[in-house]
Amino acid sequence: MKNRLAGAALALIALAAIGLMASHALRGGTPRPDASAPQALAAQARTEPGEAQPDAVSQLFASALTAPDGTPGNLAPFKGKVLVVNFWASWCAPCVREMPALSGLARQYAGKGVKFVGIGVDSQKNIQSFLQKVPVDYPVFVSGFGGADIARRFGNTAGGLPFTVVIDANGAVRSTKLGEVTPTELRRALDAI
């Protein structure tokens, strides 16, 4: 069963990569013949997330999430604040790699009213276990795999992780990044608000 699921996932990634390369070629770009399909998909997606849907922010604030301890929650209390939302999973190596930098930036920007939130596209059990080992200096919520649907509203059509969104105090999406975000990129986005 696992082999069939893995095979199906790889086939979907290959088809998506072919579609992205064809789309890029139609826009006048040249596909990279030397890149494998998954690498091409990852490179294309990291640099070119799509546009956020008009209702993305309101849907984010209305989404039912849970705290790692199982308590129901949502992001409504963060309305009206500059918000950095990081979609991640415990099994995602780039997600785990960027968390210390995100925690540091959360501390650095707390005095400026910027709030950071993690949305775990993972199971509650995995997130609980992860947070017992790795301290995170911002609230983390569990979305399960429904978090991928929320991220898609922000232009993450590939459904990849990590995915970071910066929302200003007026509820406008100011920046999105598919792939590991660097502190420099995030500072640039936050300082521009």
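The values are calculated or read from the model by the stated rules, or taken from the named source; none is laboratory data. Just so you know, these numbers come straight off a predicted model, no measurement behind them. Here Cβ is always computed from backbone atoms with ideal geometry, including for glycine, and neighbour counts include all displayed protein chains. Surface accessibility is based on the protein's heavy atoms, side chains included, excluding ligands, DNA and RNA. Shrake-Rupley method; radii C 1.70, N 1.55, O 1.52, S 1.80 Å.
The sole residue among Gln132, Gln128 that is without any contact (Cβ under 8 Å) to a residue 12 or more places away in the chain and over 14 Å from the mean Cα position of the chain (by Cα) is Gln132.
Taking segment 95-109 as the region of interest, how many residues are of a type outside the set (A, V, I, L, M, F, W, C) and open to solvent by less than 50 Å² (accessible area, probe 1.4 Å)? I'd like the intermediate steps shown before the answer.
Keep residues of segment 95-109 that are of a type outside the set (A, V, I, L, M, F, W, C), which gives 97-98, 100, 103-104, 107-109.
Then keep just the ones that are open to solvent by less than 50 Å² (accessible area, probe 1.4 Å); that gives 98, 103-104, 109.
Residues that pass the stated criteria total 4.
Number of residues in segment 157-170 that are at pLDDT 95 or above and open to solvent by 30 Å² or more (accessible area, probe 1.4 Å): the value is 3. Of the residues contained in segment 135-156, none is found to be open to solvent by less than 30 Å² (accessible area, probe 1.4 Å), more than 26 Å from Trp91 (Cβ to Cβ) and in contact (Cβ under 8 Å) with a residue 12 or more places away in the chain. Of the strands (runs of 3 or more DSSP E) lying entirely inside segment 80-157, those containing at least 1 residues that are under 15 Å from Leu186 (Cα atoms) span 82-88, 114-120.
Yes/no matrix, rows are residues, columns are (1) touching a Gly at 6+ places or on another chain (Cβ under 8 Å); (2) at pLDDT 75 or above; (3) surrounded by 18 or more Cβ atoms within 10 Å (Cβ to Cβ); (4) within 19 Å of Val165 (Cα to Cα):
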position: Gly19; (1), (2), (3), (4): no, no, no, no
position: Gly28; (1), (2), (3), (4): no, no, no, no
position: Asp34; (1), (2), (3), (4): no, no, no, no
position: Gln44; (1), (2), (3), (4): no, no, yes, yes
position: Ser63; (1), (2), (3), (4): yes, yes, yes, yes
position: Asp69; (1), (2), (3), (4): no, yes, no, no
position: Ser90; (1), (2), (3), (4): yes, yes, yes, yes
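Evaluate the following for Arg174: is it more than 18 Å from Ala62 (Cβ to Cβ), open to solvent by 10 Å² or more (accessible area, probe 1.4 Å) and assigned to a helix (DSSP H, G or I)? The answer is no for Arg174.
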